[in-house]
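Asker: Okay, here's the structure, questions in a sec.
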Amino acid sequence: MLDMLRNGELSLAPFMFAVQAILFVIVNLTIAHKYHYSKKVALIASLIPFVNFYVTLVYIAIVILNSRKELPKEHKGS
Amino acid sequence: MPPRILKKATMILNRLPVLVMLSLAGPVAASEHNTAGIDAPVVMTAATPSARTDNNLRMVAKIKVPGNACAGPGYYPFNSAWELARNPSSRQRFDDWIKDNETVTYYGTQITSIMDSMFGALNPFIDLAGMELRFEFADGSHIVMKAPTLASARLRFSYVPGSASDADGNPIADAGTTFKGIYTFSSRARQQQFLEKAAEYHLDFRVKHLDDTAQHLRIEITPIN
């Protein structure tokens, strides 16, 4: 495959967009499955070139914001 | 300060590095912002010798090419920048040589360049799309090769037009161009080597010796029309 890319038989930009989309689909579907978000939305949004990177950032932000630990009981009332 | 507010402030500070890292990762933008003009000038002038050799942010590595470097048996060796500047068909073979002998630098530079051209817009601090490598040959001459970006047709390094120069920084005319201007050499041997190489690659020009002192060996080259 590298030789095909080097010889120009395989175009660089479409190949990179495809690899990028596959990577983002995996990440976003995993997050959507774990946090019970719509998988259809995650799949479609991950396949749109140029936008999928921002969508993935949003999904990663979901993971970060959900990673908050529960406060101990004595602090809950205060 | 109440402990609750303190805890919230600590939490925000803990998340800050993650958010900064995400913002630096950068989004999509196939930016083709390389320096070299695609249309090489018809006449190479020596007015600004080695003008394009010291852009340090873009130029990430200087690689020495040994005198016996060759694409294979039967090929002319890559022992001078003249071979690549004057012979465009050598450039692809030189790319093969880089791949075989500097594999880590070759693929590392290409991947970084392509990634930056895809996700570079959120990272305005350093521009890595179209990174350039400088190759120094056995005779002291050098050329600059540019890594592919997302907009490139092939996953190969390309020669930067007008980047070839001799050991003293005098530009070497690319294929299809000729010399014009004042050239300065550090020694008579270098001057002789330059003129011999020019003759070897069948360049027709007139040479006028301007200054023949030991310190400054200057010649003026004018093309023959």
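The values are calculated or read from the model by the stated rules, or taken from the named source; none is laboratory data. Please read all numbers here as calculations on a predicted model, not as lab measurements. Neighbour counts are summed over all protein chains in view; Cβ atoms, including those assigned to glycine, are modelled from backbone coordinates with ideal geometry. The area values use the complete protein model at the heavy-atom level, side chains included, leaving out ligands, DNA and RNA. Shrake-Rupley method; radii C 1.70, N 1.55, O 1.52, S 1.80 Å.
Asker: Check A:Val51, A:Val63 and return the single one that is in contact (Cβ under 8 Å) with a residue 24 or more places away in the chain and within 25 Å of B:Phe119 (Cα to Cα).
Answerer: Among A:Val51, A:Val63, only A:Val63 is in contact (Cβ under 8 Å) with a residue 24 or more places away in the chain and within 25 Å of B:Phe119 (Cα to Cα).
Asker: Can you tell me which condition A:Asn7 does not meet? The list is (1) over 9 Å from the mean Cα position of the chain (by Cα); (2) more than 13 Å from chain B (Cβ to nearest Cβ), and all the others hold.
Answerer: Among (1) over 9 Å from the mean Cα position of the chain (by Cα); (2) more than 13 Å from chain B (Cβ to nearest Cβ), A:Asn7 violates only (2).
Asker: Taking the criterion of being open to solvent by less than 50 Å² (accessible area, probe 1.4 Å), away from every other protein chain (no Cβ under 12 Å), hydrophobic (A, V, I, L, M, F, W, C) and closer than 13 Å to B:Ser158 by Cβ, would at least one residue in the stretch B:95-104 satisfy it?
Answerer: No, that holds for no residue.
Asker: Between B:Leu84, B:Leu150, which is on the phi < 0 side of the Ramachandran plot and within 15 Å of the chain's Cα centre (by Cα)?
Answerer: B:Leu84
Asker: Of all the residues that make up the stretch A:48-78, how many are of a type in the set (A, V, I, L, M), assigned to a loop (DSSP other than H, G, I, E, B) and facing chain B (nearest Cβ under 10 Å)?
Answerer: At the first step, the residues of the stretch A:48-78 found to be of a type in the set (A, V, I, L, M) are A:48, A:51, A:55, A:57-58, A:60-65, A:71.
Imposing the further condition that a residue be assigned to a loop (DSSP other than H, G, I, E, B) reduces the set to A:48, A:51, A:71.
From what's left, facing chain B (nearest Cβ under 10 Å): A:51, A:71.
Total satisfying the criteria: 2.
Asker: Shifting gears a bit: Just to be sure before I move on: is B:Ser186 open to solvent by 40 Å² or more (accessible area, probe 1.4 Å) and closer than 20 Å to B:Thr103 by Cα in the structure I sent? Give the steps one after another, and end with the answer.
Answerer: Working: open to solvent by 40 Å² or more (accessible area, probe 1.4 Å): yes; closer than 20 Å to B:Thr103 by Cα: no.
Spelling it out, it is not the case that B:Ser186 is open to solvent by 40 Å² or more (accessible area, probe 1.4 Å) and closer than 20 Å to B:Thr103 by Cα.
Asker: Do any residues in the stretch A:27-45 that are buried (at least 18 other Cβ atoms within 10 Å of the Cβ) have Cβ atoms under 7 Å from those of residues that are of a type in the set (Lys, Arg), where the two are at least six apart or on different chains, and which pairs are they?
Answerer: A:Ala32/A:Lys39
Asker: Answer yes or no as to whether B:Ala173 is among the aliphatic types (A, V, I, L, M), crowded, with 16+ Cβ neighbours inside 10 Å and more than 30 Å from B:Thr103 (Cβ to Cβ).
Answerer: The answer is yes for B:Ala173.
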